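Peer 1: The structure's right below; bear with me while I get my questions together.
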Amino acid sequence: MSQPHDRVYNFSAGPSTLPVSVLETAQSEILNYRGTGMGVMEMSHRSAPFEAILQEAKANLTKLLGIPENYKILFLQGGASTQFAMLPMSYLHNGAVGRYVLTGTWGKKAVESAAIYGSTEVVFDGKAANYNDIPSENIEARPGAAYLHFTSNETIQGVRFPGEPKWQDPLVCDMSSDILSRPVDVSRYQMIYAGAQKNMGPAGVALVIMSDEMLAKSADGLAPMFDYKVQAENDSLYNTPPTWAIYICGLVYKHLVDTGGLAAAQDRNERKAKLLYDAIDHSHGFYKGHAVKSARSTMNVTFTLGSDDLTKKFIKEAESQRMDGLKGHRSVGGVRASIYNAFPEEGCAALADLMRDFAARNG
Ligand code: PMP
């Protein structure tokens, strides 16, 4: 079945597919945003229409995630990777320790960046098992811990936490690759952050949701762009923010609200992921999932085939059927199907069909 606008099934890990209706709205407003006579890209970030775009985006995000009143929402630049630095810069002062749970590549990058600024402690490292699982033991709180950082979904390995961990240290979570894919209890976290380019919008903006308590503890004397307090006091408008990216994120939030919120998104995502995991599990070992079953991601489905040649052949056949972006990251190999919120269920069904058919012909 062909897709609207002759689009492919885009399995890219990010930037990744966005809802067609959002892109159509953006297209229809690109030259003249709602009678203003100009497009959002051309509009002052201090104008009334942009101010309304920003406030509506925050209101819809608050509705989706149930963000409590004592939290701030910030739209910052430099992607999620800048948060790998801004967080330790702000909190690892006076001997405070940043604790890190490593369940994949991104958590590792986060702690490497933090170690430049202060004391860090790795409390779990899944490296020995090539990052295929999350910690099974409780992680005891540590006095003097500024925060305990983890990655809710490791994009490269396809390993995710099935729910909020029960740990008692102040929780900071990199939710870049599964934010808005399911409901979360924001009050369990001191800070959540995410690059936009998977579930929210275009690259170029990172979302930070931070408690007032955490905000108050951030270091003084940082350059204003790296100072959470300055960003919060200026409502993300200390300098020129990525206005276009914020606008698209706002359209995506509205679209999610209009399509039943995060519980409905979770249902769709679980159905989509099940199509692919069933194809893996019923393949008699032709496909091998990377993650252990209890830590399987609903966003990035990772699996390997028997050889590099078979993998290449599989990806080539998928491309000939208009399925794009399936090559796994080199550290895991094989195939990675990224199926974020906006990825259509029919695309998962099409890939599962190909997986069964390909195994039957090559097994
Ligand atoms: N964290 C996770 C979980 C990611 O998947 C990524 C990007 N793929 C990043 C952080 C880095 O994001 P950015 O490119 O926005 O800096």
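Peer 1: What number of residues within the stretch 118-149 satisfy the criterion of being within 16 Å of the ligand (Cβ to nearest atom) and of a type in the set (Gly, Ala, Ser)?
Peer 2: So the count comes out to 1.
Peer 1: Any residue in the stretch 280-297 that's within 18 Å of Pro165 (Cβ to Cβ): show its pairings with residues that are of a type in the set (Phe, Trp, Tyr) and part of a helix (DSSP H, G or I) at Cβ separation under 8 Å, as long as the two are six or more apart or on different chains.
Peer 2: Arg296/Tyr277
Yes/no per residue for (1) open to solvent by less than 20 Å² (accessible area, probe 1.4 Å); (2) farther than 17 Å from Tyr189 by Cα; (3) assigned by TED's automatic domain parsing to the domain that holds Pro242:
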residue	(1), (2), (3)
Ala59	no, yes, yes
Leu65	yes, no, yes
Tyr71	no, no, yes
Ser81	no, yes, yes
Phe84	yes, no, yes
Asn94	no, yes, yes
Leu102	yes, yes, yes
Ala110	yes, yes, yes
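Peer 1: Moving on. Can you report the number of residues in the stretch 38-57 which are of a type in the set (A, V, I, L, M), more than 25 Å from the chain's Cα centre (by Cα) and surrounded by 16 or more Cβ atoms within 10 Å (Cβ to Cβ)?
Peer 2: Counting residues in the stretch 38-57 that are of a type in the set (A, V, I, L, M), more than 25 Å from the chain's Cα centre (by Cα) and surrounded by 16 or more Cβ atoms within 10 Å (Cβ to Cβ) gives 1.
Peer 1: Considering only residues that are open to solvent by 50 Å² or more (accessible area, probe 1.4 Å) and within 16 Å of the ligand (Cβ to nearest atom), which ones fall in the stretch 215-243?
Peer 2: Matches in the stretch 215-243: Met225, Phe226.
Peer 1: How about the stretch 45-117: which helices (runs of 4 or more DSSP H) wholly inside it have at least 1 residues that are of a type in the set (Lys, Arg) and modelled with pLDDT of 95 or more?
Peer 2: So the answer is 48-65, 105-115.
Peer 1: Conditions first: (1) under 26 Å from Glu345 (Cβ atoms); (2) touching a His at 6+ places or on another chain (Cβ under 9 Å); (3) crowded, with 16+ Cβ neighbours inside 10 Å. Val20 passes all but one, so which condition is the exception?
Peer 2: Val20 satisfies all of (1) under 26 Å from Glu345 (Cβ atoms); (2) touching a His at 6+ places or on another chain (Cβ under 9 Å); (3) crowded, with 16+ Cβ neighbours inside 10 Å except (3).
Peer 1: Whether any residue in the stretch 268-287 is hydroxyl-bearing (Ser, Thr, Tyr) and crowded, with 22+ Cβ neighbours inside 10 Å is what I want to check.
Peer 2: Looking for residues that are hydroxyl-bearing (Ser, Thr, Tyr) and crowded, with 22+ Cβ neighbours inside 10 Å, one finds at least one in the stretch 268-287, hence yes.
Peer 1: Further question: Only one residue in Lys293, Lys327 is surrounded by 14 or more Cβ atoms within 10 Å (Cβ to Cβ) and basic (Lys, Arg), so which one is that?
Peer 2: From the options Lys293, Lys327, the qualifying one is Lys327.
Peer 1: While we're looking at this one, here's another question. Inside the stretch 30-83, can you point out the residues that are away from the ligand (no atom under 16 Å from the Cβ) and of a type in the set (Val, Ile, Thr)?
Peer 2: Scanning the stretch 30-83 gives Ile30, Thr36, Val40, Ile53, Thr62, Ile67, Ile73.
Peer 1: Please determine whether any residue of the stretch 150-164 is surrounded by fewer than 23 Cβ atoms within 10 Å (Cβ to Cβ), in contact (Cβ under 8 Å) with a residue 12 or more places away in the chain, more than 16 Å from the ligand (Cβ to nearest atom) and farther than 17 Å from His290 by Cβ.
Peer 2: Yes, some residue in the stretch 150-164 is surrounded by fewer than 23 Cβ atoms within 10 Å (Cβ to Cβ), in contact (Cβ under 8 Å) with a residue 12 or more places away in the chain, more than 16 Å from the ligand (Cβ to nearest atom) and farther than 17 Å from His290 by Cβ.
Peer 1: Between residues in the stretch 224-238 that are at pLDDT 95 or above and among the charged types (D, E, K, R) and residues that are open to solvent by less than 50 Å² (accessible area, probe 1.4 Å) and assigned to a helix (DSSP H, G or I), which pairs lie under 8 Å by C-beta distance while being six or more apart or on different chains?
Peer 2: From residues that are at pLDDT 95 or above and among the charged types (D, E, K, R), the pairs are Asp227/Ser90; Lys229/Leu215; Asp235/Leu54.
The values are calculated or read from the model by the stated rules, or taken from the named source; none is laboratory data. Note that this is a predicted model, so its numbers are computed, not measured. Don't worry about glycine lacking a Cβ; one is built from the backbone with ideal geometry, like all the others, and counts go over all protein chains shown. Please note that ligands, DNA and RNA were not included when accessible areas were found on the heavy atoms of the full protein model with its side chains. Shrake-Rupley method; radii C 1.70, N 1.55, O 1.52, S 1.80 Å.
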